[in-house]
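Here the structure comes first, spelled out in structure tokens, and everything after it is commentary.
The values are calculated or read from the model by the stated rules, or taken from the named source; none is laboratory data. Just so you know, these numbers come straight off a predicted model, no measurement behind them. Note that each Cβ is placed from the backbone with ideal geometry, even for glycine, and that neighbours are counted across all protein chains shown.
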Amino acid sequence: MATQARYKGVFPVVPTTFTESGELDLESQKRCVDFMIDAGSTGLCILANFSEQFLIADDERELLTRTILEHVNGRVPVIVTTTHFSTKVCAERSRRAQDMGAAMVMVMPPYHGATFRVSEPQIYEFYATLSGRLNIPIMIQDAPAAGTPLSPAFLARIAQETEHVRYFKIETAGAASKLRELIRLGGDAIEGPWDGEEAITLLPDLDAGATGAMTGGGYPDGIRKIVDAYFAGDRETAISEYTRWLPLINYENRQGGILSAKALMREGGIIACEAPRHPFPAMHPAVRTGLIETARRLDPLVLRWGR
């Protein structure tokens, strides 16, 4: 399965950079992307939840997609998140992303707020419709934010019965067990079983058969040390590197969250501003201090690249 996958490795999420007043900062955005590529990202993912996609207007999504894809210019493959509740809107978003050069689209199941959900037949039709409109792979993002149970059997069925749903980012509790069962049930239809959630469960997910990792964007060089060693068959080095980087992974996952990558990039002089868009709260200064202190012990490229 891994040798047949079109995409595998480390595909971190690109944060969206704003000015202090909340406008898009495209120059910082380009530097952010350049850093992430120089830091060893196998590919990139844009407009995901860790990109603050829920704070971005539709016209800004188009501008960001075009700007980033043109700036990357084929250096690495780029996954574009196109999640929307509406099948029609999501399909149109996804087709535009494909036409602009996206390597893949990532899509959560239809949801809105805390209570608007649809049942399995509608979810199946949603992804089948997307598959019929595209010529690139589709990644299902199985994340707690959607509040939508997606069993391994259901995911495997979608993969086996649609042409382009081939990748799965598993971020729910017990991710390794779910990945293992998805691979068992789906067989060759599961081209890309991937880890997520900032790599907090990366090692058990690799043991379960994950072939990709979609993490935060602050330290791809650190995640590469784990993944490269593992895929080279050196599990002991992978364990050692995972143990070494785990305090920073944990700090991002449990403390700094969405703003961690931007705080690291601002500290390293890569971007001009780390502020989120209102009403998302800024990182508490004490949390930021702890994040930077934890990172400095590891000397990641993010703290040196822009200096």
State whether one or more residues within the range 235-242 are among the basic types (K, R) and in contact with a helix residue (DSSP H, G or I) (Cβ under 7 Å, 6 or more places away or on another chain).
-> no
Quick one: how many residues across the range 25-68 are among the aliphatic types (A, V, I, L, M), assigned to a helix (DSSP H, G or I) and surrounded by fewer than 20 Cβ atoms within 10 Å (Cβ to Cβ)?
-> 4
Mind counting the residues in the range 14-43 that are hydrophobic (A, V, I, L, M, F, W, C), free of Cβ contacts under 8 Å to residues at least 60 places away in the same chain and closer than 22 Å to M214 by Cα?
-> 2
By residue number, the members of the range 63-92 that are among the aliphatic types (A, V, I, L, M) and either within 20 Å of E52 (Cβ to Cβ) or in contact with a Gly (Cβ under 6 Å, 6 or more places away or on another chain) (or both) are L63, L64, I68, L69, V72, V76, V78, I79, V80, V89
Restricting the range 69-90 to residues that are free of Cβ contacts under 8 Å to residues at least 60 places away in the same chain and hydroxyl-bearing (S, T, Y), the one surrounded by the fewest Cβ atoms within 10 Å (Cβ to Cβ) turns out to be S86
Using beta carbons and a limit of 9 Å, which pairs, at least six apart or on different chains, have the first residue in the range 261-278 and closer than 18 Å to D38 by Cβ and touching a residue at least 12 places away in the same chain (Cβ under 8 Å) and the second one polar (S, T, N, Q) and assigned to a helix (DSSP H, G or I)?
-> M265/S28; I270/S28; I271/S28; I271/Q29
Lone qualifier among Y219, Y251 - being closer than 17 Å to F11 by Cβ, at pLDDT 95 or above and either surrounded by fewer than 20 Cβ atoms within 10 Å (Cβ to Cβ) or not hydrophobic (A, V, I, L, M, F, W, C) (or both) = Y219
How many of the residues in the range 222-248 are buried (at least 24 other Cβ atoms within 10 Å of the Cβ) and within 24 Å of G290 (Cα to Cα)?
-> 4
Spot the failing condition for A282; the list is (1) out of contact with any Ser or Thr (no Cβ under 7 Å at 6 or more places or on another chain); (2) part of a helix (DSSP H, G or I); (3) not aromatic (F, W, Y), and only one is missed.
-> (2)
Within the range 157-177, can one find any residue that is touching a Phe, Trp or Tyr at 6+ places or on another chain (Cβ under 7 Å), small (G, A, S) and part of a helix (DSSP H, G or I)?
-> no
